[in-house]
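Participant: For reference, the structure I am asking about is given below.
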Amino acid sequence: MKKISSFTVLIISLMLLFICNSAKANMASPFIEGTKAASAISSRHVDILHESIFIQIDENFHTAKYKVEYTIKSDVVGKQIPLLFCAVDYKDDFCVWLDDRPVKVFDIPFKKEEGEESSDSIFSDFTNSCDRCDDNNRKIECRWDDNTSETYYSFEMKYFQPELSQGTHRIRVEYTAYPWRNCLDWITKYNFRYSLSPAKKWKSFGTLDITVEQAGKIKDYSSNLGKPQEGGIKQINTWHFDSLPEDEFMELTYKPEPNPYAKILLTFGPEGLAAVYGIFLFLLHLKFITCYRKSNRQKRFSWVVILGSILVPFFILLFFIYSYSIIDFVIGKDASQRHGYIALIIIFYPIILPFYWVLMWLIDKRIKYKMLHQQEK
């Protein structure tokens with residue numbers, strides 16, 4: 001009795017442990033935001049004649065180096081803020097060059113300097129480019145996909161304040177971006193986004209060139225930019241626009257192909273794998289029942305039936321839970337690992353157990369009857 005009680009406690013403890021571990025692993029959102037970056041926000045004194053966006057994507061589609069270059073024309077001479085930059089959650093540094101000279105980039109203060117009037121603020125030039133929020137800050141809306149737009153305040157952006165001469169200048173911005181991740185499916189879908197919506201607020205829009213270069217093996221990504229000038233996805237693809245694209249954001253999306261072993265497991269799925277495993281355990285249990293009855297034909301109850309009826313349903317459900325981790329492991333680094341509260345499948349254990357127990361009891365009864373009948377002959 002003590003052994004049975006200890007065994008029961010052990011099983012219940014393991015079940016609770018598996019439920020807790022699985023719950024912890026799946027509470028996160030299936031959507032993971034990456035770097036948010038956008039075209040510069042221009043002051044009223046600056047014409048942006050041309051914007052060039054160069055995106056260099058690593059071989060795994062896990063990071064991308066952005067090099068954005070603006071050709072601008074300034075109507076005034078002296079110290080001013082030609083551009084504000086919106087970049088959130090990027091990797092390492094955010095670097096800016098003016099006419100190939102590095103410049104220091106600052107965070108915009110949340111509040112005005114003491115005694116400073118709104119009209120005296122160095123950010124007052126942006127009244128044409130941004131919607132007024134209050135006396136201290138202004139805001140701009142950036143679109144990140146068809147359904148998502150966010151409002152950013154000036155203090156969330158970066159700026160630099162160089163001494164500009166009247167005429168044409170070149171500003172280059174570099175940073176490394178993380179992709180946005182969609183983990184709704186077995187395999188993570190990656191995409192890099194760049195909002196073009198601030199360009200609607202520019203004094204004028206010139207031309208836009210976009211270049212995307214892939215490292216390593218060519219990946220068949222998709223884009224909302226339309227067909228590239230090369231006609232299809234190549235190592236290097238280019239797009240040219242003489243006016244602002246209809247979409248207010250740029251998106252490059254890639255979903256890795258599973259390896260051959262992962263394809264096989266995904267074809268079966270957790271349900272199919274659990275079914276195959278269940279058939280194996282059923283046949284193994286049946287074999288043990290038959291072997292036991294050969295030497296115990298007269299016994300009324302079979303401990304093999306009882307123990308197997310407790311363990312087999314539990315191990316089938318347990319295998320179903322861990323089949324998700326097995327498939328994720330075979331998929332590799334691109335596995336989403338977001339599957340919801342799959343451990344809760346264990347609640348079906350007390351429902352399946354009696355049905356399986358009755359089935360195996362009837363099978364054992366039939367085997368016992370046949371063996372006794374053969375013995376009498």
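Participant: Would you mind telling me the share, in percent, of accessible area of segment 171-232 contributed by carbon and sulfur at probe 1.4 angstrom?
Facilitator: Taking all protein chains in place, segment 171-232 shows 47 percent carbon and sulfur surface.
Participant: Using +1 on the beta carbon of Lys and Arg, -1 on that of Asp and Glu, and nothing else charged, what's the dipole of segment 237-328 about the Cα centre, debye to 20?
Facilitator: 1940 debye
Participant: Related question: Tell me, what is the 1.4 Å probe accessible area of S222, in Å² to the nearest 10?
Facilitator: Surface open to solvent at S222 totals about 60 Å².
Participant: Too long at a 26 Å Cα-Cα cut-off: which of K65/K227; K219/K333; K65/K158; K91/K227?
Facilitator: K91/K227
Participant: Hey, another quick one. Please work out how much length the chain gains when fully extended from F329 to E33, using 0.36 nm per residue of separation minus the C-alpha to C-alpha distance, in nm with one decimal.
Facilitator: 104.2 nm
Participant: Which order do you get for H285, H62 if you rank them by accessible area with a 1.4 Å probe, largest at the top?
Facilitator: Descending order: H62, H285.
Participant: I would also like to ask the following. Based on the Cβ-Cβ distance from E230 to I264, what FRET efficiency comes out when R0 is 45 Å, to the nearest 0.05?
Facilitator: Efficiency, rounded to the nearest 0.05: 0.80.
Participant: For a quick check of understanding: with a 1.4 angstrom probe and all protein chains in place, what accessible area in square angstrom does F280 have, to the nearest ten?
Facilitator: 120 Å²
Participant: Okay, moving on. Between L359 and L372, what length comes free when the chain is fully extended (0.36 nm per residue of separation minus the Cα-Cα distance, one decimal in nm)?
Facilitator: Here the answer is 2.7 nm.
Participant: While we're looking at this one, here's another question. Rank these by accessible area, largest first, 1.4 Å probe: D93, D364.
Facilitator: Putting D93, D364 in descending order of accessible area: D93, D364.
Participant: Please go through segment 225-267 and write out the GluC sites (Glu not before Pro) that DSSP classes as loop and that have at most 10 other C-beta atoms within 10 Å.
Facilitator: Answer by residue number: E246.
Participant: At a Förster distance of 51 Å, what's the computed FRET efficiency of Q166 paired with D92, Cβ-Cβ distance as r, to 0.05?
Facilitator: On the way: r = 35 Å, r/R0 = 0.68.
For R0 = 51 Å, the calculated efficiency reads 0.90.
The values are calculated or read from the model by the stated rules, or taken from the named source; none is laboratory data. Since the model is a prediction, treat every value here as computed from it, not as a measurement. No Cβ is skipped: glycine too gets one built from the backbone with ideal geometry, and neighbour counts run over all protein chains shown. Calculation scope for accessible area: heavy atoms of the full protein, side chains included, ligands and nucleic acids excluded. Shrake-Rupley method; radii C 1.70, N 1.55, O 1.52, S 1.80 Å.
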